[in-house]
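Below you'll find the structure, written out as structure tokens, and then a few comments.
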Amino acid sequence: MSDRSRRLFLARALAAAAAVPFIAASPRASAQALAPLSPDAPQAKALRYTPDAATVARDPAWKPGSHCGNCQFFTSATGACQIFPGHSVATAGWCAAWAKHA
């Protein structure tokens, strides 16, 4: 392999490696619709998830004003929750893992 072809190969390999994070973060790659979380799912039941925070006022872990929309685990752009991977949750929902968004 000549020096010129080796340099060309290395330049192309570096350019391809630099493009990988941009391709992975593109809207098309992350635009898969998330399935809504069912309150009947085992993990949802374990964490007492409800799509309406107004219905949990008697839960000892509930704090006034707490809901998925102001939780640190919630991503508003997609409705995703880190606690329930692969599912979307209601912005007005709540679960026992709620933690105030900083």
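All of the numbers you see were taken from the coordinates with simple rules; none came from a lab. Note that the coordinates shown come from a computational prediction; the quantities given were computed from them, not determined experimentally. Note that each Cβ is placed from the backbone with ideal geometry, even for glycine, and that neighbours are counted across all protein chains shown.
Structure values in brief
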item	result
Cβ-based charge dipole, the stretch 33-102, positive-most Cα from 94, 60, 33	60
Relative contact order %, the chain, counting alpha carbon pairs below 8 Å whose residues are six or more apart	27 percent
Contact order relative to length of the stretch 50-102, as percent, for alpha carbon pairs under 8 angstrom and 6 or more apart	44 percent
Debye, to nearest 20: dipole size of the chain, +1 on Lys, Arg Cβ, -1 on Asp, Glu Cβ	460 debye
The stretch 33-102: mean projected area of Cα convex hull, nm²	4.3 nm²
Helix-derived mean residue ellipticity, 222 nm - over the chain, DSSP H n ≥ 4, -39500 (n - 2.57), to 500	-9000 deg cm²/dmol
GNM top mover of 57, 16, 46 - the chain, alpha-carbon springs below 10 Å	16
